[in-house]
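In what follows, a structure is listed as structure tokens, so that the remarks can point back to it.
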Amino acid sequence: MTRQAFPRLAIIGGGPAGLMAAEAACAAGVAVDLYDAKGSVGRKFLLAGKGGLNLTHGEPHARFVERYGARREVVARWLDAFDAQALRRWARDLGVETFVGSSGRVFPLDLKAAPLLRGWLRRLRESGVAFHMHHRWLGWDGAALRFATAQGERTVEAAGTILALGGASWPQLGSDGAWVAPLEQAGIDVAPLQPANCGFELAWSAHLATRFAGAPLKPVVAHWVDRHGVAHARQGECVLSEYGIEGSLIYAIGAELREQLAARGEAVLRLDLVPGYAESVLAGRLAAPRGKHSLGDWLRRRAGLDAAKCALLFELTDKATLADPAALAAQLKALPLRLRAPRPVAEAISTAGGVRLEALDENLMLRERPGVYCAGEMLDWEAPTGGYLLTACFASGLLAGRAAAGRLRGA
């Protein structure tokens, strides 16, 4: 074991939160060492941008903040320092212009993550950030940081530390949740990590699972009752998968579905497959003589159902209901899906749970370990896809970087 002293700020984790913390600290005049377990930084950021990097969202600030659910008041304070507009200006300063798509999501003009990350890393290196790859954080040895490296275990003395270690989704990219154990051993309160922005499992037949996996369901309206007995509805799009259902609509309400599953062992989601028709109107249309048309063709003509919606309806509906226009209309307006479980956390887009916000002060410093800050997805908050995750990761990193630098410069 070797020991080397660095009277500098150590940032552990090279995702958006860690990199933004490094930028903020450097801007405040503090020397930064950034450590990451992998051979390069920003791996999950790059993969997330493969289909088009969704940086943030263009909706009004008040509505934007609502996307953070139970933690919206805390996250709103982060966004006061760095919101969606600030993120777009920051990207422009790196030479990356952005645009608002038809869905309200904000993307780089070229849709790519790599040019933005390359420009960002160049600026960080020019600012003096020292990058240390293949350093897996193991916890503390007294006040020193412990790392596993190819040359054996190494300890580092740092004047301050920011942990930005991600969640537990996509572990092959470095976010494996291995930081939970050393934090809990240090007495830090960590909420169990759970899958967020993930699909949910249903018991499909082999026919539906093989023939319609990947088929979109759009538009649909999801109806559900939360654990307090309050009814909700939300329109959007989802996708059939071989194991169940996924997609942006499911991700947006995933936290509430998880709560139902945890409390009851099952979550019931009802889908309105034909939001363009009132139930009474639909029943009348379906009551017309079918003639020689097959039921699938009749549903396409009279209710606008495509093949995927028909397959889902046939999967979950008995023959008596299919033969009764009024009962069929009711089924089409509230098709019950009985969800059995979320998909494993390693498959999820992001993670819920993590370091409880109550364990941190207003500057994201651990109350039980002064001088150590936490940022990004490893904190106990969540948000749906659409740019909300990235924006809050950037904002929390900025806050932690500024606070840690301020503490060091004031010491």
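Below is a table of values for the structure above.
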| item | result |
| --- | --- |
| Contact order normalised by residue count of the chain, Cα under 8 Å, 6+ apart, percent | 25 percent |
| Residues Lys218, Lys333, Lys309, Lys319 arranged by fewest to most Cβ contacts within 10 Å | Lys319, Lys218, Lys333, Lys309 |
| Whole-number D in µm² s⁻¹ for the range 241-397, Kirkwood Cα-pair radius fed into Stokes-Einstein, 10 °C, 1.306 mPa s | 84 µm²/s |
| Calculated FRET efficiency for the pair Ser102/Lys319, C-beta based, R₀ 41 Å, to 0.05 | 0.50 |
| Longest segment of the chain lacking GluC sites (Glu not before Pro) that sit in a DSSP loop with at most 16 other Cβ atoms within 10 Å | 98-241 |
| Paramagnetic label zone (point 7 Å from Cα along Cα-to-C-beta, Ala233; backbone N under 13 Å) in the range 268-287 | 270-280 |
| Karplus-derived HN-Hα couplings along the range 293-299 (A = 6.51, B = -1.76, C = 1.60, θ = phi - 60°), whole Hz, x at Gly and Pro | 5, 5, 4, x, 5, 4, 5 |
| Under the Karplus curve 6.51 cos²θ - 1.76 cosθ + 1.60, θ = phi - 60°, whole-Hz ³J(HN,Hα) for the range 392-407, x wherever Gly or Pro sits | 5, 5, 4, 5, 5, x, 4, 4, 5, x, 5, 5, 5, 5, x, 5 |
| On Cα atoms only, tilt of 307-316 relative to the major axis of the chain in degrees | 80 degrees |
| Table column - 3J(HN,Hα) (Hz), the range 13-28, Karplus curve with 6.51, -1.76, 1.60, x for Gly and Pro | x, x, x, x, 5, x, 5, 5, 4, 5, 5, 5, 5, 4, 4, 8 |
| Separation of the Arg367 and Ala62 label points, Cα + 7 Å toward Cβ, nm | 3.2 nm |
| Reference-scaled alpha-carbon Rg (2.2 N^0.38 Å with N residues) for the range 320-401 | 1.81 |
| D (Stokes-Einstein, µm²/s), Kirkwood Cα radius, the chain, 1.306 mPa s at 10 °C | 69 µm²/s |
| The range 71-113: C-alpha pair distances exceeding 16 Å, % | 45 percent |
| Evaluated at q = 0.18, 0.20, 0.21 Å⁻¹: base-10 log I(q)/I(0), Debye formula over Cα of the range 317-367 | -0.75, -0.80, -0.83 |
| Cα convex hull of the range 15-131 - mean projected area over all directions, nm² | 8.0 nm² |
| Debye-sum result for the range 355-403 in log10 I(q)/I(0), which assumes one identical scatterer on each alpha carbon, at q = 0.20, 0.28 Å⁻¹ | -0.62, -1.05 |
| All Cα pairs of the range 106-186, percent lying beyond 22 Å | 42 percent |
| Nearest-0.05 FRET efficiency for Leu261 and Lys292, computed from C-beta distance (R0 51 Å) | 0.70 |
| Qualifying lysines (Cα of each under 28 Å from Cα of Lys38; at least 8 residues distant if same chain) | Lys50, Lys112 |
| Net charge over other residues, Cβ less than 12 angstrom from the Cβ of His228 (K, R count +1; D, E count -1) | -2 |
| Diffusion coefficient, µm² s⁻¹, Stokes-Einstein with Kirkwood Rh over alpha-carbon pairs of the range 47-206 at 20 °C and 1.002 mPa s | 112 µm²/s |
| Label point 7 Å beyond Cα of Ala327 along Cβ direction - residues of the range 242-272 with amide nitrogen under 19 Å | 271 |
| Under-5 Å amide H pairs with Ala267, H placed in peptide plane, nonlocal only | Leu339 |
| Convex hull volume per residue in cubic angstrom - Cα atoms of the range 166-313 | 144 Å³ |
| Contour minus Cα-Cα distance for Lys38 and Glu126 (0.36 nm per residue) | 29.5 nm |
| Pair Ala181, Gln85: separation of 7 Å Cα→Cβ label points (nm) | 4.7 nm |
| Relative contact order (%) - the range 200-342, alpha-carbon pairs under 8 angstrom, separation at least six | 32 percent |
| Principal axis dimensions, largest first and in whole angstrom, of the range 257-307 by Cα | 47, 21, 14 |
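Each value in this text was obtained by applying a stated rule to the coordinates, not by laboratory testing. Since this is a predicted model, take the numbers as computed values, not measurements. Heads up, the Cβs are rebuilt from the backbone with ideal geometry, glycines too, and the neighbour counts pull from every protein chain shown.
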